[in-house]
1. Send over the per residue convex hull volume for region 353-430, Cα only, as a whole number of Å³.
2. Go through region 63-112 and name the trypsin sites (Lys or Arg not before Pro) that are in a DSSP coil and have 13 or fewer other Cβ atoms within 10 Å of their Cβ.
3. Between region 443-487 and region 397-419, how far is it from one alpha carbon centroid to the other, in angstrom?
4. When the convex hull of the C-alpha atoms of region 334-473 is computed, what volume per residue in Å³ does it have?
5. Percent relative contact order of the chain, based on C-alpha pairs within less than 8 angstrom and at least six residues apart?
6. Label residue 192 and residue 216 with points 7 Å out from Cα along Cα→Cβ: what is the distance between them in nm?
7. What do you get for the angle between helix 160-174 and the principal long axis of the chain? Use alpha-carbon atoms, 0 to 90 degrees, nearest ten.
8. Rounded to the nearest 500 deg cm²/dmol, what is the calculated helix-only ellipticity per residue at 222 nm for the chain, with -39500 (n - 2.57) per DSSP H run of length n ≥ 4?
Amino acid sequence: MTDATGRPDTGERHLSSREMRAAGVSKSYGATVALEHADIALKAGEVHALLGENGAGKSTLVRIFTGAVIPDRGEMRLHGEIYAPRSIIEARKREVATAFQELSLVPNLSVAQNFLLPALAGRGSPLISHRHVLARGAEILERHGLTRIDPAARIGDLPLAERQRIEIARAIENAGRVLILDEPTASLAETDWLFEQIGKARARGVAILYISHRLAEVREICSSATVLRNGRSIGTVGLASASDGDIFEMMVGHRVEHARRPARAVDAARTPRLAVENLAGHGLRGVSLHLGAGEILGVAALEGQGQRGLFRLLAGLETPAGGVIRVDGKLAAYRNPRAALRCGSGISYLPEERKTEGILAGLSAATNVVLPLLPRVGRAGFIGRRDEEKAAQPSADQVALNPRYLGFAIGDLSGGNQQKALMARTLATGARTLLLFDPTRGVDVGTKESIYAAIRAFAERGGSVLFYSSELPEIVQLADRCLVLYGGQVFRELQGDDIAEQTLVAAMIGHDPCAPAARAPAPFATPAHAVAENAR
Ligand code: ADP
């Protein structure tokens, strides 16, 4: 741990004083200790990661830095002076600004108006002309490489990825000294734009705190990291010298095993649960696959190679332009997810975008879990809260979702617990085939392990799983077989020990070691396809 309680007055004083430092910061909510004597130091011109499982205290620390939560104890200093903001506005006056994961933009106002909040509200809008606001907005958009966005557009009308970019650009505008980015890539398909903006802020000497669950991304942009566990800062490491294993160990307190699941022999003579021939449309150019009972089939691909289309077609959300789907050996022509669930032994889909496609934020976690069962659970159309929680419990147990969360509004739970609840819902349907699209995207390692355990247990019980993952280690750990999609086709199929990160990466970029280079199929020519898919 870096020393956090005041260092000797050395010749470095001038430099080291250009930092944000928190020492012994503690915060409890009743009996829950959210932060206990946490220490962290953010240096000017450095990108520092904050890592930790769900519930480790990251958001609490961010809220304290932002002035939204007042700590019970501890001291913070900014550029050597006491820093104790009592509101987001006070923090901003000290040039500390945050891009929130949940986005703090006002949906009914324009892009430009959002940029100028709270100044706009404070001074009274009549004094600032509409034209002036738009001009300022356009300037800010230009500064952040976002000229394609109309400054007059209403925030609520923009796709999620654009809203996230605006949230980030606004924070950067206000962050003269400290910029806090809370899961900034949660809705961004690629990191180029973000990393460029971070690079510019860093060059200006801004200290940047970067919160993300994606370690590869953290390694790319951050030089050091502080790990929180159970509200305590476990340590600060230089990322160049710490292995992923070291970091996971600090996060969870024990080594995380990355053993591959023993390869399973699938009975080739048995009718596959799911058999697809020449499926086309929605980014696919003739995909065939089969999935047996008890099998976990992974899909790996770079962004925009047809994976979304494949899952949405199989889930009944889109209609194929060609090809055949067989479920339990019978031709299937379902046209929506409910019909997919009723087709043969059932197909259940875990969508990619939990906030917009998955959860009903205002309803309890239990209601969200039992949603597909409602006609079965309720008596004469009425279902009590207790019945719901009882019905949700077995699936919640499978994903290690703490039963105390079942009664809470799902929107109030952490992202990890929301994802566990959605996975529990997918299992609760009783379907024998699960389609999981990036099932652990953006969740912490502890939640990942619980979801992996649930997937493995489901396959052990004879269930079939088709999953796509944007994280290769996940495919290596889980998949019995793996299909690599490239340009809307299955480019390679890998089995057993061939499912290794290097082999996967080579196949994902269209490299086939056994074929002359010329044989590689053309990928989709422009990333526009990927962008369009992600902008949904
Ligand atoms: P993280 O962001 O790392 O997931 P949090 O800072 O959100 O962690 O939470 C740390 C702990 O504090 C958790 O146990 C959480 O339930 C608790 N907590 C956070 N905010 C509140 C609150 N407003 N009321 C009660 N408990 C809270």
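Throughout, read-outs are computed from the coordinates displayed, never taken from laboratory work. What you are looking at is a predicted structure, and each value in this text was computed from that prediction instead of being measured. Methodologically, a virtual Cβ is constructed for each residue, glycine included, from the backbone with ideal geometry; neighbour enumeration extends over all protein chains shown.
1. Working: hull volume 6.3 nm³, N = 78.
Dividing the Cα hull volume of region 353-430 by its residue count gives 81 Å³.
2. Those satisfying the criteria are 86.
3. Using only Cα atoms to place each centre, the spacing works out to 20 Å.
4. In region 334-473, the Cα convex hull volume per residue is 111 Å³.
5. 14 percent
6. 1.7 nm
7. So the helix axis and the longest Cα principal axis differ by about 20 degrees.
8. -9500 deg cm²/dmol
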